[in-house]
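Where a number appears in this text, it was derived from the coordinates with a stated rule and is not lab data. Owing to the predicted nature of the structure, the values given are computational and were not obtained by experimental measurement. Backbone-built Cβ (ideal geometry, glycine too); neighbour counts: all protein chains shown.
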Amino acid sequence: MRIAIGADHAGLRLKNELREALRQAGHDVTDCGTNSPESTDYPDYARQVGETVASKAADRGVLVCHSGVGMSIAANKIRGIRAALGAGPEEVRLSRAHNDANVLALGQNFTDTTTAWNLTQIFLETPFDGGRHERRVNKISALEHP
């Protein structure tokens, strides 16, 4: 799978760990930055990852910041993106199965590496259920501004 990954300075360590785990698992990973511990603005990376996914240059995206919240809010401003904050396994599974989420946002300060990798694997392996959920996802897409 083609994965775009990005983080601000507050998510740099976890992003780098996930990037390497994804590559070792055989995924094609595009690192959208940051690659420095210097203070940066999370919307810049949410935009890069979101646009990469929305343009179909990547199948899914993973974003990391301090809490994951800012990244998810910013990514959801991009047409075609359904970003979900990854807090627990069942929430992440449902974000894929029911909402067809295409970007996972994680918080480095709230998610240890093992848990983050587990959530990422669930995000990548869970298919969209379709059916009645597809109607609802289409209604979400209809809310986007032209």
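Going by how many other beta carbons lie within 10 Å of each one, how would you line up 65, 32, fewest first?
Details: 65 29, 32 24.
Ordered by Cβ neighbours within 10 Å, fewest first: 32, 65.
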task = Quick one: which residues, 5 or more positions from residue 7 or on another chain, have an amide H under 5 Å from its amide H? H modelled 1.01 Å from N in the peptide plane, none for Pro or chain starts.
result = 33, 34, 64
query = Which value in nm describes the separation of the simple spin-label points at residue 132 and residue 118, placed 7 Å from the Cα toward the beta carbon?
reply = 3.0 nm
ask   = Taking the Cβ-Cβ separation of residue 69 and residue 142 as r and a Förster radius of 25 Å, what is the calculated FRET efficiency to the nearest 0.05?
value = 0.50
remark   = Per-residue ellipticity at 222 nm attributable to helices in the chain (runs of n ≥ 4 DSSP H, -39500 (n - 2.57) apiece, nearest 500 deg cm²/dmol) works out to -13500 deg cm²/dmol
request  = Run through every distinct alpha carbon pair of the chain and return the Kirkwood hydrodynamic radius in angstroms, one decimal place.
outcome  = 14.7 Å
inquiry  = Could you tell me what a quarter of the Cα convex hull surface of segment 61-146 works out to, in nm² with one decimal place?
reply    = 5.1 nm²
message = Just to confirm the number: angle between the C-alpha axis of helix 12-24 and the first principal axis of the chain, 0 to 90 degrees, nearest 10?
response = 70 degrees
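Using DSSP to define loop residues, name the GluC sites (Glu not before Pro) in segment 46-146 whose beta-carbon has at most 15 other beta-carbon atoms within 10 Å.
Taking segment 46-146 and a limit of 15 other Cβ atoms within 10 Å, the loop GluC sites (Glu not before Pro) found are 144.
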